[in-house]
Amino acid sequence: MKRLNVILLALMMFTSLTSFAEKVAQDNSPVQAIQTAIIKLNQLTTVAYSPKMLNFFVEKEIAPLFDFKHIASEVLLVTNNRLDEEETRFFVNRIKNNMMSTLLTRLSQINSTSFQFISARLMMGGSISVQLKVNRYASFGDIYLDLLFHQNENKQWQVFDIVLNNGSLINYYQKMVLIKVRRYGIYGMLGRL
C-alpha cells in the first residue's frame, strides 16, 4: 500500500509539472525556459523513487531541455569530417544517450541534492549563461555550474552547453571524439562513443 501511495504521489507531481511545463513552453521567453529547467532539475532529484521512474522522467522532462543537435554539430567540428544525414542522426543519438546515462548514473549516487539559481547574464550572440549552485553534491559539498542557453532553429530556448569548473561539456566531448577518430577513424569513433 505504501508503494502505491508513493507511485500515486509521483504521478501527481509529474502531471502537475508537465502541465506547468506546457504552459511555460507556450511563453517562449528565456526567463521561463530557465525557471522551467531549474524546476525540472529540482524535481529530478526528489522524484527518484525507482530507476525506471527516474529514467522515464529524464527522457520525458530533462532531455528536451537540451539541444543535442547543436551539441553534436559543435563536437564534430574538431574531426574535419562530414557525416551524411543518417550518420549525423546516429551521432546525435549517441551523444544524447551518453549524456543522459551519465546524468542518471550521477543522480543515482547522490542524495538530497538541489539546484539553486545564482545569476543569469547575456552573452555574445544572444545566448544566456545561467549559473546554478548544486547544493550538497556528494562529498564535494556545493559546486557551481553554468547552463548556456540559446534559441534553437525552432526559436525555443534550450541548453547548448554546460560549464563546470571552467570545463565545457562540448570541449570534453570534442577531446574524446578527437582521440577516438585518430585511433579508430570516423566510423570507428561512431561505434565506440
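Derivation of every value follows stated rules applied to the coordinates shown; laboratory data play no part. What you see is a predicted model, and the numbers here were worked out from it, not measured in a lab. Please note: Cβ atoms are built from the backbone with ideal geometry, for glycine as well, and neighbour counts cover all protein chains shown.
Key figures for this structure:
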item	result
Surrounding net charge for Phe149, when Lys and Arg each add one and Asp and Glu each subtract one, Cβ distance under 12 Å	-2
J(HN,Hα) series, the stretch 87-94, from Karplus relation 6.51 cos²θ - 1.76 cosθ + 1.60, nearest Hz, glycine and proline x	5, 5, 4, 4, 5, 4, 5, 5
Spin-label model distance (nm) - Met124 vs Lys60, 7 Å beyond Cα toward Cβ	4.2 nm
Protection-proxy order for peptides 31-39, 163-171, 118-126, each taking the mean of Cβ atoms within 10 Å per residue, highest first	31-39, 163-171, 118-126
